[in-house]
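K.L.:
Quick one: structure below, then a few questions.
The values are calculated or read from the model by the stated rules, or taken from the named source; none is laboratory data. Predicted model only: the values in this text are computed from it and were never measured. Don't worry about glycine lacking a Cβ; one is built from the backbone with ideal geometry, like all the others, and counts go over all protein chains shown.
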Amino acid sequence: MTASETHQAIEAVWRIEAARLIAGLTRLVRDIGLAEELAQDALVAALEQWPESGVPRNPGAWLMAVSKRRAIDMIRRQERFERKLVELGRAELAELGDEGHQPEVDEIEDDLLRLVFIACHPVLSTEARVALTLRVLGGLSTDEIARAFLVPEPTVAQRIVRAKRTLTAQQVPFEVPQGEELARRLSSVLEVIYLIFNEGYAATAGDDWMRPGLCEDALRLGRVLAGLMPKEPEVHGLVALMEIQASRSAARVGPSGEPVLLLEQNRARWDRLLIRRGLAALDRVEGLGGAMGPYALQAAIAACHARAFTAAETDWPRIAALYESLARISRSPVVELNRAVALSMAYGPAAGLALIDQIVDDPALKGYHLLPSVRGDLLFKLGRTADARAEFERAATLTRNERERALLRERAAACD
């Protein structure tokens, strides 16, 4: 194996093993920042040694063994060794020194689940949760995260450092919450994963309409979480939603990178495998019983589109009804805006416009470019072209995505 091939292998191993490695080390040293440093040290050792010695048969175990040795060396160098020894426990320290120890599958998965809940802890800001999750669970470098979200690399690095310090200062326990706390914390975890997916699916700023890499990272995290929490309906609901939405990716962008709206997409380009996976996840939600949560309802809406082979076959009355159910349990101005679109498709543009006019002054939508965009579309369908043009022009000034801005200006010009 050439040096280049070895480095590619190391990169692939790191992407696969980083989260498990950091999770296992966090359980042992009780500090996510220190755990990541130890994991990075092991990665450096691999980069130094594997080009000469070759990739080991079990690279994950090799990285963990090196990390454990570094942890022992670090603890022994500290003046507080005796106190650390008591905190970790003799059994844990013995495990650290046992290079041949192979953690059980359940043990690894428990550590991963704990790490998910730490990285997405509500004590952190939303931006910090996203950055830390992509770093320790997604295996992305600081530079990759910065490029994905179009922010300076030092900003991302600072968010990650502050997040680790906050978790340490707040003494956030390395555990999976129970009871009511589990439900509250799980909503934070799902929110973070979906935020990552949405930034990839419809970039908020920059020159690209989509960033597929972020969609893939979010999907991978969602699938891992579904494997770790198989009895949580909303986890499967989120996975179903992301799978079905991701199935449209190839059809959402035109030859020059321009956005292609849902009703204008070539559905033959939709990924039927992802659709099948999404529908299967939705079936798992229904199999678990109980009322559908917000993510499952959104997945059911996405499934209505996925089952329609042409835009004309879409079951808009059912979509409108699902949005009404969603509004009952998770009412927000954005949900109402989407419900207005469904109503307009099911019962005519006047029905949708009537609902939009009820929320048009909502402060939460003040800078939301999709409000004037949708309103402009309905006004255009009603023949009020001058008003429609004004709305499209306003929407173009509000979006920070260049591709979307160009599309809205084209729509404004078409009103002439």
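K.L.:
Are there any pairs with C-beta distances below 7 angstrom linking a residue in the range 282-303 that is closer than 16 Å to MET229 by Cβ to a residue that is surrounded by fewer than 19 Cβ atoms within 10 Å (Cβ to Cβ) and at pLDDT below 95, with the two at least 6 apart or on different chains, and if so which?
P.N.:
Listed by first residue and then by second, the contacts come to LEU288/LYS231.
K.L.:
Name the residues in the range 164-186 that are outside any loop (DSSP other than H, G, I, E, B) and touching a residue at least 40 places away in the same chain (Cβ under 8 Å), would you? Let's see the steps before the verdict.
P.N.:
Going residue by residue through the range 164-186, those that are outside any loop (DSSP other than H, G, I, E, B) are 164-169, 179-186.
Residues satisfying the conditions are LYS164, ARG165, THR166, LEU167, THR168, ARG184, ARG185, LEU186.
K.L.:
Mind checking which residues of the range 323-340 are assigned to a helix (DSSP H, G or I), out of contact with any Lys or Arg (no Cβ under 7 Å at 6 or more places or on another chain) and surrounded by fewer than 22 Cβ atoms within 10 Å (Cβ to Cβ)?
P.N.:
Correct list: SER325, ARG328, ILE329, SER330, PRO333, VAL334, VAL335, GLU336, ASN338.
K.L.:
A follow-up question, please. Which ones in the range 231-245 are surrounded by fewer than 24 Cβ atoms within 10 Å (Cβ to Cβ) and either among the aliphatic types (A, V, I, L, M) or without any contact (Cβ under 8 Å) to a residue 24 or more places away in the chain (or both)?
P.N.:
The answer is none; no residue qualifies.
K.L.:
Residues that are under 30 Å from VAL360 (Cβ atoms) and not basic (Lys, Arg): does the range 274-289 have at least one? Even if it seems obvious, please write down each step before you answer.
P.N.:
If we filter the range 274-289 for residues that are under 30 Å from VAL360 (Cβ atoms), which is where we start, we get none.
Within the range 274-289, none of the residues are under 30 Å from VAL360 (Cβ atoms) and not basic (Lys, Arg).
K.L.:
In addition: If a residue must be surrounded by fewer than 21 Cβ atoms within 10 Å (Cβ to Cβ), polar (S, T, N, Q) and in a helix (DSSP H, G or I), how many such residues does the range 359-416 contain?
P.N.:
2
K.L.:
Can you tell me which condition GLU153 does not meet? The list is (1) surrounded by fewer than 16 Cβ atoms within 10 Å (Cβ to Cβ); (2) modelled with pLDDT under 85, and all the others hold.
P.N.:
For GLU153, the exception is condition (2).
K.L.:
Right, something else. Yes or no: ALA414 over 27 Å from the mean Cα position of the chain (by Cα) and either farther than 18 Å from ALA202 by Cβ or hydrophobic (A, V, I, L, M, F, W, C) (or both)? Spell out the reasoning first.
P.N.:
Working: over 27 Å from the mean Cα position of the chain (by Cα): yes; either farther than 18 Å from ALA202 by Cβ or hydrophobic (A, V, I, L, M, F, W, C) (or both): yes.
Judged against the criteria, ALA414 is a match.
K.L.:
Determine which single condition ILE145 fails, assuming it passes every other condition in (1) over 15 Å from THR133 (Cβ atoms); (2) part of a helix (DSSP H, G or I); (3) modelled with pLDDT under 90.
P.N.:
So ILE145 meets the others, but not (1).
K.L.:
Moving on to the next point. Right, GLN298: closer than 18 Å to PHE197 by Cβ and among the polar types (S, T, N, Q) or not? Explain how you work it out, then say what you get.
P.N.:
Details: closer than 18 Å to PHE197 by Cβ: yes; among the polar types (S, T, N, Q): yes.
For GLN298, the condition - closer than 18 Å to PHE197 by Cβ and among the polar types (S, T, N, Q) - is met.
K.L.:
A follow-up question, please. Scanning the range 287-322 for residues that are among the hydrophobic types (A, V, I, L, M, F, W, C) and not in a helix (DSSP H, G or I), which turns out surrounded by the fewest Cβ atoms within 10 Å (Cβ to Cβ)?
P.N.:
Within the range 287-322, the match that is surrounded by the fewest Cβ atoms within 10 Å (Cβ to Cβ) is ALA291.
K.L.:
Right, next: Return the only residue of ALA65, ALA18, ALA35, ALA39 being part of a helix (DSSP H, G or I) and either acidic (Asp, Glu) or farther than 23 Å from VAL172 by Cα (or both).
P.N.:
Numbers: ALA18 fails: either acidic (Asp, Glu) or farther than 23 Å from VAL172 by Cα (or both); ALA35 fails: either acidic (Asp, Glu) or farther than 23 Å from VAL172 by Cα (or both); ALA39 fails: either acidic (Asp, Glu) or farther than 23 Å from VAL172 by Cα (or both).
None of the others qualify; the one that does is ALA65.
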